[in-house]
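> Got a structure for you, written out below as C-alpha cells; questions coming shortly.
Derivation of every value follows stated rules applied to the coordinates shown; laboratory data play no part. Given the structure is predicted, the values throughout are model-derived calculations rather than measurements. Counting neighbours? That spans all protein chains shown, and the Cβs are built from the backbone with ideal geometry, glycine included.
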Amino acid sequence: MAQLTLLLLTLLALHCGRVLTQPEYVNGECYADGAPTRCEPVRMSFSLFQQATTSSTCGAPPAPFCVRSVSLGRVVSDCRGGDICDASDPNNDHNVLYLTDFPLNSMWWQSENSLTSDDRVVIDILLLTLAEISFISFDFHGIKAAAFHLERSKDYGLTFEPYHYFAISCENTFGMLPDAELTTVNETTVLCQTIQEPPTPGIITFFPAIDRPSANDSQPGYSEALYQFVTATNVRVIFDKHYELQLAEEDPGYYYALDDINVIGSCQCYGHASRCIEDSMTGLYQCVCQHNTTGTYCERCQDFYNDVPWQRADGSGSFECKMCNCNNHSSECVFDEGVYAETEFTSGGVCQNCDGNTAGRQCETCAPFYYSRPDRQQTDPDVCQGIHFSFREHKNCCKTCLTSICTHSTKIFLASGMHSAY
C-alpha cells in the first residue's frame, strides 16, 4: 500500500505542478510564435540518477535483527523469524543502493544495530545537478524514526544548512514548535513536522514550498528567497533518534530502515531552458540554455548580450538577454548599471574597443579627427574617414568633425580631404 501511495504521489507531482511547485508552464523550446517564454525542464524522480552514501549499513559482519511493526496502537518486535542482514548474501543484503531503486522497492536499506536510542546515522544524497525540489519522500521499512532532520547544500557538498525537521515531539527534541505561522517576511523559515505516534510504517513527505506565501502567486511567482530555498545540489538526511522501546534480551538493538528516498523536481535553469543533459566530462547535468543565456544553470547572459541585466524568468516575463548595439564596430560589450539607469532601464550595454575609427557607448560617432562620411551608414566599416590637412596650420579647425565639411575662418576643407586654394 505504501509503495502504491508513493507512486501516486509521484505521478501527482509530475502532472499537477500547480499544486506542488511553481505555476506550471508548457515544456518546450522556450519560444512561442517567435516570442520568448518562461520554460523549465520536466519534473522527474532524481532517484533515476541520484547517488547516496551512508555512515552506517548493516551486514558486515552479518547480524540478526528483529522486525518492528505496530499492533493495537503500540510498537512490537518480532525476533522469532531468524531475520539476518548479510552483505555477502544478495537475498539478505540491505545496502544503500536500495534507497534509490524507486519504483522497484524489492529490497531496503538498513543501518547497523545500536543498543542506544539516540544513535545518529547520516545519509548523503548527491543530485548531480542544481535541482528545484518539488518534494522529498521517505518510505520507511518498518516503523519510522522518532526524530530526524534534513540539511541541504547548493555547492555540491562544500557547505550545508538546515532544511527541515521531523519529530514525534518537535519541542522536546529540537526546541521547535510545529506548524509555525509563515508570512512573506519569514517564508523560508526552517520548520519542524510532527511524526504521528506510534510511528507506523509508511511514507513521510516534505514539500519545500507548500504553505509558503509566494508559492501561491502566479504573478510573478516565487519570491527570490523562496526560489533559492527550493534549490539544492545535495540533500543530507540525519537520523537523530529511534523510537524508544524496552528491548527484549534476544533483541540485538535499534536500527533505521528505508525502502526508498525519492526526490522529485527538475533541473534548475532559472526559466531559461526546457531540458538538461549529462556533461560527459563531469557526469553532472547541465541546462541546454536559451534566451541568449549561458552557464551550467543559464545563470548569466552570453557574451555581447549584456544590454540588459540577467534575470531569472518568472510569471511576469521571460527576461531574455538582449544583444548590445555596437553598430557592427565591436564584438565586446559590458553592462553598466549607471548607464542602464540613465536610459530609464532600457539599455545598459557599453561597447568596448570600437573599431573603424568609431567611438561612443554604442560606437555611434567617429573618433576625434575623423568625420562621418555622408554616403555611408554608421554600421558601414568605413563610415569614419580622417581629415587630411596641416594640423599645425589649422589646429583650431575642429576636434571632432560631425559634418562632412570642416571650416576654419575663410578656409574650407572639403569632405574629400582636399582643401580649397588660399
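> For residue 106 paired with residue 303, estimate the spin-label separation in nm (one decimal), with each label point 7 Å from Cα along the Cα-to-Cβ line.
Placing both labels 7 Å beyond Cα along the Cβ direction yields 5.1 nm.
> Can you give the FRET efficiency for residue 211 and residue 190, using 1/(1 + (r/R0)^6), R0 = 22 Å, r = Cβ-Cβ distance, to the nearest 0.05?
About 0.95, to the nearest 0.05.
> Determine the dipole magnitude for the stretch 2-274: charges of +1 sit on the beta-carbon of Lys and Arg, -1 on that of Asp and Glu, nothing else is charged, the reference point is the Cα centre, and the result goes in debye to the nearest 20. Walk me through the numbers on the way to the answer.
Numbers: 13 positive and 34 negative charges, 81 e Å.
My answer is approximately 380 debye.
> Cross-link candidates for residue 241: which aspartates and glutamates have Cα within less than 12 Å, leaving aside residues fewer than 8 places away along the same chain?
Correct list for residue 241: 118, 119.
> Counting pairs of alpha carbon atoms under 8 Å apart in space and at least six apart in sequence, what relative contact order in percent does the stretch 161-241 give?
26
> Once amide H atoms are built 1.01 Å from N in the peptide plane, which residues 5 or more positions from residue 370, or in another chain, come under 5 Å H to H?
Amide H to amide H, under 5 Å and 5 or more residues apart or across chains, residue 370 pairs with 401.
> Right, another one. Classify the stretch 73-192: rounded, prolate or oblate, from the alpha-carbon gyration tensor (a ≥ b ≥ c, eigenvalue square roots; a/c under 1.5 rounded; otherwise prolate if a/b is larger than b/c)?
Working: a/c = 2.34, a/b = 1.43, b/c = 1.63.
Oblate shape, in that a/c is at least 1.5 and b/c is the bigger or equal ratio.
> When Lys and Arg each count +1 and Asp and Glu each count -1, what net charge do the other residues less than 11 Å away from residue 169, Cβ to Cβ, add up to?
In short, -1.
> Can you give the FRET efficiency for residue 87 and residue 158, using 1/(1 + (r/R0)^6), R0 = 35 Å, r = Cβ-Cβ distance, to the nearest 0.05? The partial results should precede the final answer.
On the way: r = 31 Å, r/R0 = 0.88.
After rounding, the FRET efficiency stands at 0.70.
> Let me know the shape class of the stretch 2-274, please: from the alpha-carbon gyration tensor, a ≥ b ≥ c as square roots of the eigenvalues, rounded when a/c is under 1.5, otherwise prolate if a/b is greater than b/c, or oblate.
Working: a/c = 2.32, a/b = 1.74, b/c = 1.33.
Verdict is prolate for the stretch 2-274.
> Another question about this same structure. With a ≥ b ≥ c the root eigenvalues of the C-alpha gyration tensor of the stretch 129-210, is it rounded (a/c under 1.5), prolate (a/b larger than b/c) or oblate? Display every interim value, and only then the final one.
On the way: a/c = 1.79, a/b = 1.26, b/c = 1.42.
It is oblate, given that a/c is not under 1.5 and a/b is not larger than b/c.
> Which one of 76, 98, 87 has its Cα pushed farthest toward the positive end of the charge dipole of the stretch 55-103, where Lys and Arg give +1 and Asp and Glu give -1 at the Cβ?
With unit charges placed on the Cβ atoms, the residue in question is 76.
> Rounded to the nearest 0.05, what FRET efficiency is calculated for residue 200 and residue 345 with R0 set to 45 Å and r the Cβ-Cβ distance? Mind dumping the intermediate values first?
Numbers: r = 56 Å, r/R0 = 1.25.
For R0 = 45 Å, the calculated efficiency reads 0.20.
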